[in-house]
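Contents: one structure, followed by commentary.
The values are calculated or read from the model by the stated rules, or taken from the named source; none is laboratory data. Since the model is a prediction, treat every value here as computed from it, not as a measurement. Ideal geometry is used to build each Cβ from the backbone, glycine not excepted, and the neighbour counts take in all protein chains shown.
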Amino acid sequence: MKRIDSVVADYGMAQTINCKPRCHRLHVASIRETAKIAKVLGVEPGSPALKIVRRYLDRDGNAFETTISVHPADRYACSIVLTRAKG
């Protein structure tokens, strides 16, 4: 079975193409697995999943990298730590 690995973007890409990163936009949506993706991931077509689209923008607001990940519902967890800035 073919394996799909997550793509983790870093700002090394930004340096390679000489742009100055400004922000990272993240969109998470619930979807149903298509037959093609379900086969690759080893799940039933129509199974619930999360689709995550990440866009990395430069200081002018132009996207310099976009990643799209699909995770079966039972294989994804999210943990976020927020720290308040002083002041």
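Those residues that are of a type in the set (A, V, I, L, M, F, W, C) and touching a Cys at 6+ places or on another chain (Cβ under 9 Å), I need them from segment 51-81; list them, please.
Kept after step one, since they are of a type in the set (A, V, I, L, M, F, W, C), are these residues of segment 51-81: 52-53, 57, 63-64, 68, 70, 73, 77-78, 80-81.
Of everything in segment 51-81, those that are of a type in the set (A, V, I, L, M, F, W, C) and touching a Cys at 6+ places or on another chain (Cβ under 9 Å) turn out to be Leu57, Phe64.
Tell me yes or no: at least one residue of segment 63-80 is more than 16 Å from the chain's Cα centre (by Cα) and assigned to a loop (DSSP other than H, G, I, E, B).
So in segment 63-80, the residues more than 16 Å from the chain's Cα centre (by Cα) come out as 74.
If we keep only those that are assigned to a loop (DSSP other than H, G, I, E, B) as well, we get none.
No, segment 63-80 contains no residue that is more than 16 Å from the chain's Cα centre (by Cα) and assigned to a loop (DSSP other than H, G, I, E, B).
Anything in segment 18-62 that is surrounded by 12 or more Cβ atoms within 10 Å (Cβ to Cβ), part of a strand (DSSP E or B) and among the small types (Gly, Ala, Ser)? List them, or say none.
Correct list: Ala49 only.
Hey, could you check segment 27-54 for residues that are closer than 18 Å to Ala77 by Cα and among the polar types (S, T, N, Q) and say which is nearest to the chain's Cα centre (by Cα)? Before the answer, list the steps.
Keep residues of segment 27-54 that are closer than 18 Å to Ala77 by Cα, which gives 27-33, 41, 43, 47-54.
Filter once more, so that each one left must be among the polar types (S, T, N, Q): 30, 47.
Working: Ser30: 13, Ser47: 19 Å.
Only one residue fits best here, namely Ser30.
Here is a yes/no grid of residues against (1) on the phi > 0 side of the Ramachandran plot; (2) in contact with a Pro (Cβ under 8 Å, 6 or more places away or on another chain); (3) at pLDDT 80 or above:
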residue	(1), (2), (3)
Arg3	no, no, no
Met13	no, no, no
Gly46	yes, no, yes
Asn62	no, no, yes
Ser69	no, no, yes
Arg75	no, no, yes
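List every residue pair whose Cβ atoms lie under 9 Å apart, where the two residues are 6 or more positions apart in sequence or sit on different chains, the first residue falls within segment 65-85 and is closer than 15 Å to Ala38 by Cα, and the second residue, located anywhere, is in a strand (DSSP E or B) and among the basic types (Lys, Arg).
Here the result reads Ser69/Lys51; Ser69/Arg54; Val70/Lys51; His71/Lys51, each pair linking segment 65-85 to a residue that is in a strand (DSSP E or B) and among the basic types (Lys, Arg).
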